[in-house]
Amino acid sequence: MYKFLFAILFSVFGTAAFAQISNSPRQPLTKQIPADSLSYLNPHDYIIGGITVSGVKYLDKDNLILLSKLTKGDRINIPGERNAEVIKKLYEQGLFDDVQLNITKINLDTVYLEIVVVERPRLSRMHITGIRKGEIEDIQKKLTDKTGKIVNENLLSTTSAIIKRHFNEKGFLNTTVIMTQRKDPGDANSVILDVKVDKKTKVMINNVTFEGNKAFSQSDLRGYLSKTRKRRWYNVFGSKKFKQDKYEEDKVNLVEKMQAKGYRDAELISDSVWKNDDKTVNVKLKVYEGPKYYFGKVKFSGNAKYPSALLDRIMHIKKGDVFSEDELNKRLSGPTPSNDDVSSLYLNDGYLTFNADPVQTRVYGDTVDLDIRIYEGPQYTINRVSLKGNDVTNDKVVLREIQTKPGQKFNKELLIRSAREIGQLGNFDEQKTEPKPTNINPQDGTVDIIYNVVEKPSDQIELSGGFGGGQLVGTLGLTFNNFSLRNIFNLKAYKPLPKGDGQKLSLRGQSSGRTYQNFSFTFSEPWLGGKKPIYFALSAYTQGSSTGQYYPKSSPYYNNLRINGVGITLGKKLRWPDNYFQLNYSLNFDHYNLDNYTGYLFSNGTSFNIKLTQELTRNSIDMPIFPTQGSNIKLTIQATPPYSLFNNVNYKVATPQERYHFVEYYKFKYDAQWFTKIVGKFVLMSQVRFGFLGMYNKEVGPSPFERFKLGGDGMQSYQFLQGSEIIGLRGYQNFSIVPEGSNENQNTNTGSTIYNKYTLELRHPVIASQSATIFLLTFAEGGNVWNNFSQFSPFNVRRSVGVGARIFLPIFGLLGLDYGYGFDKIPGAPDANKGQFHFTISQSLSGGFN
C-alpha cells in the first residue's frame with residue numbers, strides 16, 4: 001500500500017525526493033515510503049540513523065560515505081537540495097556510471113539512507129597496434145601505471161597524450177591515436193583498451209626564418225639553433241627533424257648567443273611553428289636585438305690576497321671590449337681552455353669558498369661599468385682523502401695516483417689532474433669519476449675530499465679469424481688489465497683471475513696450424529713492488545713459420561723461420577719539465593733462425609738482435625678512449641752495440657750469415673698527437689710520425705730488421721712476423737707503399753729505412769657510456785717511405801681521405817672500420833689505391849698511434 005501511494009505522489013510532483021541529478025545517465029529506482037513523509041510542499045527534518053553502500057566492487061565503502069558528506073546523527077531536510085548535492089558530488093569523482101540515494105527506512109524522526117552505485121569498468125590491459133614491437137614495448141613501459149584504473153575521460157586523454165608525446169619527441173608530430181573499448185571476457189567489470197597508433201611520417205623542418213634582426217644575419221641566427229635547422233649537405237651530424245624539446249632549448253640558446261655578442265637586451269619576442277605540408281613545418285622567430293654594449297670601467301673590491309692589477313691581467317677584459325656576460329663569467333669562474341680564470345687562481349691556492357660577484361654599477365649609453373666584488377674566505381687544508389665505488393680495485397691502486405694529499409692546501413688543478421689519472425688507469429668510467437669536497441669546516445680551515453668512482457669492465461678478449469698468405473689464421477688474445485700477481489696462489493681471489501692491483505697480464509696466440517704459430521706473453525706493473533712509481537714490464541714471445549709439412553727439407557719450396565724474444569722495461573714518471581713526462585728504458589733480445597726463408601736481406605742463417613731502447617713520452621690527454629684535449633708525444637731512441645768496430649769481420653767479403661749474425665743499427669722515432677675541441681663535440685686530432693733507421697758502418701749496410709712498412713690498416717700481418725714495424729696508411733693496400741723507383745712491391749717488400757706520415761682526423765662522439773663508446777670520423781692523411789736521405793722529401797707523400805667509425809667495448813677493446821681512398825697510384829700495383837676498407841681490432845688506447 002505504501003509503495004503504491006509513493007508512486008502516485010512521485011507522478012504528481014514530477015520529481016522524487018532522492019533522484020539523480022538532471023544530467024545523470026538514467027533515473028534512480030527509489031524505494032517507496034509513506035506519502036505524507038515525502039511531500040516537497042511539506043519537507044521534514046530527520047536525523048540520519050544510518051548509511052549503507054551497495055553496488056561497490058573495488059572502492060572502499062567508508063570513503064564513499066565520506067565523499068557524500070553524510071554523517072550518522074546529522075540532521076537532513078527531506079526532500080531538499082542537499083539530496084541532489086550528494087549525488088552530484090559522487091558523480092564528479094568520475095568513478096560511476098550510475099548513482100542513487102535511496103531511503104531504506106523512516107522511523108519517526110530518524111531516516112536510514114542507502115547509496116547505490118554502478119562502478120565504471122577498469123582497465124585490464126591495452127592492446128597496441130600499428131607500430132613496431134620495440135616501439136610497443138617502449139610505450140607500454142610508460143603506461144604501466146594505467147592498468148587497473150577506472151576507464152574514464154581522464155585515462156583516455158592522458159594515454160593518448162603520452163603516446164603522442166613519445167613520438168613527437170622523435171619527430172613524428174602528426175601521430176594519431178584511436179582507442180576503442182571492449183569487454184574483458186574474463187572479468188565482467190573490466191575492459192580491454194584497443195589502441196591503434198599511426199605515427200605517420202617524421203616531420204622535417206622546411207625553413208627557419210627570423211624577423212626583427214638587423215645586426216645578425218639570417219644565417220648567423222640559424223647557426224645558433226644547433227638542433228632546429230634544415231639539414232644541408234655539409235651538415236653531417238645535424239638534424240632536420242622538428243623536436244619540441246630541442247626547439248625550446250634552442251630558443252634559450254639563441255638569446256644567450258645574441259647576448260654573448262654584446263646585445264645584452266636581446267630577447268625573443270615571439271615564435272611560431274606552422275604546417276607547411278604533411279611532412280614539413282616552417283619556423284619563424286621574432287627577435288629584439290637592442291643596442292650593442294661594451295665594457296666600461298672594471299674594478300675589484302674585497303680582494304686582499306692578490307692585487308687588482310694581477311686580477312685584471314688574468315681576467316683579460318679591457319675597456320671597450322664587446323660586453324658579454326658569458327665571457328665575463330668564464331674569465332671569473334671558468335672553465336677556460338687553460339684554466340687561467342680568476343677563480344682558478346684562488347682555488348689552486350686553497351681558497352675553496354672563493355666567490356666573485358660582478359655587479360653592474362652603471363649603464364650609460366652603450367657602456368657598462370662593473371664592480372667585481374670578491375669574497376676570498378679562508379684557506380683550506382685537506383684533512384682526509386677517501387674513495388667510494390671501487391668494488392674491485394684496491395684502494396692503494398687509486399690512492400697512489402691521487403695528487404691531493406692530506407695536509408696539502410686545497411688545489412683545484414690537482415683535483416682535476418687526479419680525476420684524469422684515475423681515468424688513465426682504465427678501470428673506471430671516466431665520465432662518472434667525481435671528486436667532491438666535503439665536510440668543509442671554516443672554523444679550523446679543513447676539508448675532506450671523496451673521490452666517487454664507478455668500476456667498469458676492463459678485461460678484454462680478442463677472438464678473430466682471417467685469411468693471410470692463402471690460409472686461415474685464428475687469433476685468441478686475453479688481456480687482464482687489473483691483475484693481482486700477489487694473489488696468484490689465493491684460490492678465493494680467482495674471479496676468474498685475481499684482480500685489484502692494477503697490473504696487466506696479456507696472453508695472445510695466433511696460428512694456422514703447423515704452418516704458422518705466434519705466442520706472446522706480457523706482464524706489467526705500473527708501481528714496482530706496489531710502492532714505488534717505477535714502471536716494470538716483462539715480455540716474451542715465440543713465432544714460427546714453416547712449409548715443412550708440405551715439402552721435404554731438400555725441396556726448393558721448403559722454408560722455415562723461428563723467432564724468439566724476451567724483453568724487460570723499467571720506467572719512471574718525471575717531474576721536469578712537468579709531471580706529464582715519463583722515461584722508459586727497455587732491453588730486448590731477439591733471436592732469428594732462417595732456413596731458406598725470403599722476406600729479409602738474407603734467407604739462411606742465425607741472427608741476434610740485442611737492443612737498448614730509451615723512450616721519452618709526454619701524455620696529457622684528458623681521456624684514453626675519446627680524448628678531447630691534450631697531447632701525446634713520444635720520442636724513441638733505439639740502438640744495438642756497434643759490433644763492426646771490434647769483431648774483426650771483413651764486411652767487404654763477408655757472407656750474409658756473417659754480416660747479419662749480430663745485427664747493428666740505431667733508430668730514431670718521433671710520434672706526436674694533438675687533440676683540440678673545435679665546435680660543439682667535434683674534436684680535431686692532428687698527428688705527425690717520423691722514423692729513421694741508421695747504420696754505423698756503410699760496409700755492413702742497413703739492418704735487415706726493424707725496418708718500416710707503410711700502408712693499410714697498420715695491424716701486424718703474420719707473414720712478416722716481428723721483423724719490421726708496421727705503419728698504417730688508410731686508402732692503400734697493406735705494405736703497398738714502397739720507395740719511388742724501387743723494384744719492390746707489397747709482396748716482396750723488405751721494408752724501408754725512413755718514413756713519415758701526417759694525419760688530420762675530425763671526430764664526433766655518438767655514444768659515450770660505461771658499456772660502449774662510439775665515435776665517427778673523417779680523415780685526411782699522407783705518408784711515404786725512402787731508403788736514404790738523399791731521396792727524402794717530407795712533403796712528397798701518398799695522400800688519402802676517407803671516413804670511419806670506432807667502437808669501444810670493454811670486453812673487446814677498440815674496434816675500427818675505415819673506408820679510405822688513395823689519390824696516388826702505386827707503380828706495379830694498379831689496385832692498391834682504389835678505395836680500401838680497413839678493419840682494426842684491439843688498437844692501443846690512450847691516444848695510441850696508428
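Read-outs throughout are calculated quantities, based only on the coordinates presented, and are distinct from any laboratory measurement. The structure presented is a predicted model; accordingly, all values stated were derived computationally and were not measured. Quick reminder, even Gly has a Cβ in these numbers, built from the backbone with ideal geometry, and neighbours come from all protein chains shown.
Data overview
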| read-out | value |
| --- | --- |
| Over region 204-288, relative contact order from alpha-carbon pairs under 8 Å, at least 6 apart, % | 38 percent |
| MRE, 222 nm, helices only [DSSP H, n ≥ 4, -39500 (n - 2.57), over the chain, to nearest 500] | -4500 deg cm²/dmol |
| More than 37 Å apart - percent of Cα-Cα pairs taken over the chain | 66 percent |
| Total formal charge among the other residues, if their Cβ is under 12 angstrom from that of PHE428, Lys/Arg +1 and Asp/Glu -1 | -3 |
| Calculated from backbone phi, Karplus (6.51, -1.76, 1.60) coupling profile of region 150-162 in Hz, x at Gly/Pro | 4, 8, 9, 4, 5, 5, 5, 5, 5, 4, 4, 5, 5 |
| Translational diffusion coefficient (Stokes-Einstein; Kirkwood radius from C-alpha pairs) of region 390-452 at 20 °C, 1.002 mPa s, in µm²/s | 173 µm²/s |
| Region 390-452: relative contact order in percent, alpha carbon pairs under 8 Å with at least 6 residues between | 22 percent |
| Dipole-positive endmost among VAL766, ASN784, HIS44 within the chain (Cβ charges, Cα centre) | ASN784 |
| Nearby lysines by direct alpha-carbon distance to LYS681 (threshold 21 angstrom, same-chain neighbours under 8 apart not counted) | LYS227, LYS230, LYS240, LYS241, LYS243, LYS246, LYS251, LYS257, LYS330, LYS432 |
| In sequence order, calculated HN-Hα J values of region 288-302 (Karplus, 6.51, -1.76, 1.60; Hz; x Gly/Pro) | 10, 8, x, x, 8, 10, 9, 5, x, 6, 10, 10, 10, 9, x |
| Percent antiparallel among DSSP beta bridges (both partners in region 122-198, rounded to 5) | 60 percent |
| Sequence-distant residues sharing a close amide H with THR52 (under 5 Å, placed H) | LEU113, GLU114, ILE115 |
| Amide H contacts under 5 Å for ASN784, placed H, 5+ residues apart | ASN756, ARG798 |
| Net charge of neighbours whose Cβ lies under 9 Å from the Cβ of LEU155, counting Lys and Arg as +1 and Asp and Glu as -1 | +1 |
| Cross-link partners of LYS504 among lysines (Cα-Cα below 22 Å; sequence separation of 8 or more within a chain) | LYS396, LYS456, LYS492, LYS495, LYS531, LYS532, LYS572, LYS573, LYS634 |
| Relative contact order [Cα under 8 Å, 6+ residues apart], the chain, whole percent | 5 percent |
| Cα long-axis angle, helix 133-142 against the chain (0 to 90 degrees, to the nearest 10) | 60 degrees |
| Antiparallel content of DSSP bridges confined to the chain, in %, to 5 | 85 percent |
| Whichever aspartates and glutamates have a C-alpha closer than 14 Å to that of LYS61, once near sequence neighbours (fewer than 8 apart) are set aside | GLU114, GLU119 |
| Note, ³J(HN,Hα) from phi for region 630-637, Karplus 6.51, -1.76, 1.60, rounded to Hz, x at Gly and Pro | x, 9, 9, 10, 9, 10, 10, 10 |
| Region 204-288: antiparallel DSSP beta bridges as a percent of all, rounded to 5 | 55 percent |
| Long-range HN-HN contacts of ASP98 with modeled amide H, under 5 Å | VAL118 |
